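Worksheet: one structure, shown below.
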Amino acid sequence: MVSTVKTKPEAIARFKAAIERKRQIAAELEKEMTEEYEKQTGKKVKSFFVL
């Protein structure tokens with residue numbers, strides 16, 4: 001059986017990698033949504049929020 005328990009450094013590295021992926025995806029999403037909003041409404045986006 002493979003152990004699923006991670007050491008603390010492995011867990012921290014995995015967590016940091018997940019946070020970085022989330023930042024990249026949020027940046028791509030913000031860019032796409034901003035462009036689409038401006039195209040549809042002709043207005044600039046005031047704010048963008050991601051949990």
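The values are calculated or read from the model by the stated rules, or taken from the named source; none is laboratory data. Nothing here was measured: the structure is a model prediction, and the numbers come from that model. Glycine also receives a Cβ, built like all others from the backbone with ideal geometry; neighbour counts cover every protein chain displayed. SASA here: full protein model, heavy atoms, side chains in, ligands and nucleic acids out. Shrake-Rupley method; radii C 1.70, N 1.55, O 1.52, S 1.80 Å.
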query: Per residue, how many Å² of accessible area does the chain show with a 1.4 Å probe?
result: 102
- prompt: Which lysines have a Cα less than 21 Å from the Cα of Lys44, not counting those fewer than 8 places away in the same chain?
  reply: Lys31
query: Where nothing but the Cβ of Lys and Arg (+1) and of Asp and Glu (-1) is charged, how large is the charge dipole of the chain around its Cα centre, in debye to the nearest 20?
result: 260
- request: Hand me the chymotrypsin sites (Phe, Trp or Tyr not before Pro) from the chain located in a DSSP loop with no more than 16 other Cβ atoms within 10 Å, in residue order please.
  value: Phe48, Phe49
message: Rg and Dmax in Å for the chain, alpha carbons only: what are they?
response: 17.8, 58
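Carbon and sulfur: what percent of the chain's accessible surface (1.4 Å probe)?
On the way: 3080 of 5210 Å².
That fraction is 59 percent.
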